[in-house]
Amino acid sequence: MKIKTLKIVVQSVAFISICLLFWYLRYPINNFFNAILFFQLSPIISIVSNFLSIAVIFATLLIIITLIFGRVFCGWICPYGTLMDIVSFFIGIFKKNKENQPKKIKFKYFFLILLVILTAFGLQLFWLFEPITIFARGFYFTFYSIANNLSNDFFYNLMSNGPGKITEGIYQITKSTIIENRELYFNHSLSMLVIFIIPLLLLLFRRRFWCRYICPLGSFLAIISTKSLLTRQSNECLTKCGQCKNLCRMNAIKDNNTYIKQECILCMDCVQETKCVNKYKSKFSFTKHIICNLPNDNKPQQKSGISRKDFLSWLIVSLGLISLAVKNKFINKKTNIIRPPGILNEKDLKLKCIRCGNCIKACVTNGLQPVLLEAGLDGIWTPKLDAKIGYCEYECTLCGHVCPTQAIKKLTVEEKMKIKIGIAKIQKDTCISWKEGLECLVCEEHCPIPSKAIKVKKENINGDLVKVPYINEDLCIGCSICQNKCPVDGKKGIIVESL
């Protein structure tokens, strides 16, 4: 099998497998088939999670692979990179690829260091640029939700018109293996879609634009890959026809057929697709390379280092963002946001959460939703419990089991049942029992606490003795099912407040 064919096969299998991992990140969670293992391959996850032991193990595995093969993850495994290649293929039908003489890109390494420094100062922005999380959000909140809801609507209409046994059997199998038997809704999915699409739009300017100039994971692996054992071998091109250079989707090949090793993602285009008249053949091997990153003898060697202009520009940007991080660290934000159980505090959540959307996607009631600006700029897309949509299932611990950074701690069912995330408050001005004197005890009936955190007593309402609900705050854990099930339109008769 040709190396390019092998690469396409591996890339396709990896892409489909990762999509399946993301698709089945739902109840019941299979530990072997848990998508968080793929997230933890990224060394970025290890940094953000304060070097969580399991994340360090998987990140070390990727580093070892990179030391052997180079940036094979970027070219063969990364699902977002594969999607970019697919989009670039269709763009290439209408646009001819022509690359300039490549230069070593310094900005992306500065950007990586800046993100690490900002994290140390308490402002974690990796979630906005890390490719695995960008792809996951786009998959969960756009493709998966639309596909699931359309499938549900299709089968609902089909089953409403007297289906036969075969159709009903297909529906039962589909419901248990492919789709979820519920409608999914996610707040602010449009803003996530915008961030997902922007790197794809940049492909109109350059292939793999995001990978070349921005991606922090790619930058980290590029540093490691300078010492990789697998190296591209080729003879120096005297005609400088530019075929190999224009084929390279990372602009890693120079005019004289040498290449910038850390920019190569082993796409194998230069090995397989070139039609060089001089029959120069490139190949990758584990032997010492003939030409790699060597200066052209016919041209003066370029100076290393950074220019004064670049240094001053980067310094100003760095100081501005660091000052913002320091200022943000001391701002005490008062918000009425119900967080999922297992979160130690707001600061820890915002620093560790990479906004991958795993907890939100896995929530069995669809109650976990991303916030926008309610928790401040540093809290964008972190999870909250939205009682208008769902609630925290009493015996469910999925959110902690699918969090790759343990921003949400992994809990046992017994531990989770005792964690208080909010307090329910009766709203006497809207509660049917308190306001209208009618016996409505929906909140008390749905309270999952065995001894009932919502109690009932008799009160004189409008001259009649009526059973009305009241809260035992010592027992209430803030699960919000009472608010979710309250039949009052508009302002609910019972509202859960944050601690």
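Can you tell me which residue within the stretch 261-279, out of those that are among the aliphatic types (A, V, I, L, M) and at pLDDT below 90, is nearest to R71 (Cα to Cα)? Break it down into steps so the answer makes sense when it comes.
Going through the stretch 261-279, the residues among the aliphatic types (A, V, I, L, M) turn out to be 265-266, 268, 271, 277.
Still in the list and also at pLDDT below 90: 268, 271, 277.
Details: M268: 12, V271: 16, V277: 29 Å.
Ranking the candidates gives M268 first.
Suppose we keep only residues that are without any contact (Cβ under 8 Å) to a residue 60 or more places away in the chain and among the charged types (D, E, K, R) within the stretch 409-419. Which one would you say is surrounded by the most Cβ atoms within 10 Å (Cβ to Cβ)?
Pass one, the stretch 409-419, residues without any contact (Cβ under 8 Å) to a residue 60 or more places away in the chain: 412-415, 418.
Subsequent filtering for residues that are among the charged types (D, E, K, R) retains 414-415, 418.
Working: E414: 9, E415: 14, K418: 9.
That would be E415.
Here are some residues: I419, I423, I495, I481. Which one is in contact with a His (Cβ under 6 Å, 6 or more places away or on another chain), closer than 30 Å to I354 by Cα and of a type in the set (A, V, I, L, M)? Write out each step before concluding.
Numbers: I419 fails: in contact with a His (Cβ under 6 Å, 6 or more places away or on another chain); I423 fails: in contact with a His (Cβ under 6 Å, 6 or more places away or on another chain); I495 fails: in contact with a His (Cβ under 6 Å, 6 or more places away or on another chain).
Result: I481 is the single residue among I419, I423, I495, I481 that is in contact with a His (Cβ under 6 Å, 6 or more places away or on another chain), closer than 30 Å to I354 by Cα and of a type in the set (A, V, I, L, M).
Is there any pair linking a residue in the stretch 162-186 that is acidic (D, E) to one that is in a loop (DSSP other than H, G, I, E, B) and surrounded by 11 or more Cβ atoms within 10 Å (Cβ to Cβ), with Cβ under 9 Å and at least six apart or on different chains, and which?
E180/R26; E180/Y27; E183/N366
Would you call I214 of a type outside the set (G, A, S), within 21 Å of the chain's Cα centre (by Cα) and surrounded by fewer than 20 Cβ atoms within 10 Å (Cβ to Cβ)? Break it down into steps so the answer makes sense when it comes.
Values: of a type outside the set (G, A, S): yes; within 21 Å of the chain's Cα centre (by Cα): yes; surrounded by fewer than 20 Cβ atoms within 10 Å (Cβ to Cβ): yes.
For I214, the condition - of a type outside the set (G, A, S), within 21 Å of the chain's Cα centre (by Cα) and surrounded by fewer than 20 Cβ atoms within 10 Å (Cβ to Cβ) - is met.
With the condition kept exactly as written, say whether any residue in the stretch 49-56 is crowded, with 19+ Cβ neighbours inside 10 Å, in contact with a Lys or Arg (Cβ under 7 Å, 6 or more places away or on another chain), over 27 Å from L202 (Cα atoms) and modelled with pLDDT under 90.
yes
Based on what the data block shows, is I29 outside any helix (DSSP H, G or I), more than 26 Å from P216 (Cβ to Cβ) and of a type in the set (A, V, I, L, M)?
Working: outside any helix (DSSP H, G or I): yes; more than 26 Å from P216 (Cβ to Cβ): yes; of a type in the set (A, V, I, L, M): yes.
Taking the combined requirement at face value, the residue satisfies it.
Looking only at the stretch 198-209, count every residue that is free of Cβ contacts under 8 Å to residues at least 40 places away in the same chain, of a type in the set (A, V, I, L, M) and surrounded by fewer than 17 Cβ atoms within 10 Å (Cβ to Cβ) and tell me the total.
The initial filter retains those residues of the stretch 198-209 that are free of Cβ contacts under 8 Å to residues at least 40 places away in the same chain, namely 198, 201-202, 205, 209.
If we keep only those that are of a type in the set (A, V, I, L, M) too, we end up with 198, 201-202.
Subsequent filtering for residues that are surrounded by fewer than 17 Cβ atoms within 10 Å (Cβ to Cβ) retains 198, 201.
Result for the stretch 198-209: 2.
Looking only at residues in the stretch 334-359 that are of a type in the set (D, E, K, R) and assigned to a loop (DSSP other than H, G, I, E, B), which one is nearest to V48 (Cα to Cα)?
Applying the first criterion (of a type in the set (D, E, K, R)) to the stretch 334-359 yields 334, 339, 346-348, 350, 352, 355.
Those left that are additionally assigned to a loop (DSSP other than H, G, I, E, B): 334, 339, 355.
On the way: K334: 25, R339: 20, R355: 12 Å.
Top of the filtered list is R355.
Does the stretch 1-46 hold any residues that are of a type in the set (V, I, T), out of contact with any Phe, Trp or Tyr (no Cβ under 9 Å at 6 or more places or on another chain) and surrounded by fewer than 20 Cβ atoms within 10 Å (Cβ to Cβ), and which are they? Give the derivation first.
Filtering the stretch 1-46 down to residues of a type in the set (V, I, T) leaves 3, 5, 8-10, 13, 16, 18, 29, 36, 44-45.
Filter once more, keeping what is out of contact with any Phe, Trp or Tyr (no Cβ under 9 Å at 6 or more places or on another chain): 5, 8-9, 13, 16, 29, 36.
Of everything in the stretch 1-46, those that are of a type in the set (V, I, T), out of contact with any Phe, Trp or Tyr (no Cβ under 9 Å at 6 or more places or on another chain) and surrounded by fewer than 20 Cβ atoms within 10 Å (Cβ to Cβ) turn out to be T5, I8, V9, V13, I16, I29.
Spot the failing condition for L229; the list is (1) surrounded by 17 or more Cβ atoms within 10 Å (Cβ to Cβ); (2) in a loop (DSSP other than H, G, I, E, B); (3) at pLDDT 85 or above, and only one is missed.
If we test L229 against (1) surrounded by 17 or more Cβ atoms within 10 Å (Cβ to Cβ); (2) in a loop (DSSP other than H, G, I, E, B); (3) at pLDDT 85 or above, just (1) comes out false.
Exactly one of (1) under 30 Å from L351 (Cα atoms); (2) free of Cβ contacts under 8 Å to residues at least 12 places away in the same chain; (3) not acidic (D, E) is unmet by G422. Its number?
Against the list (1) under 30 Å from L351 (Cα atoms); (2) free of Cβ contacts under 8 Å to residues at least 12 places away in the same chain; (3) not acidic (D, E), G422 comes up short only on (2).
The values are calculated or read from the model by the stated rules, or taken from the named source; none is laboratory data. As the structure is a prediction and not an experimental result, all values here were calculated from the model. Every residue, glycine among them, receives a Cβ derived from its backbone with ideal geometry; neighbour counts consider all protein chains shown.
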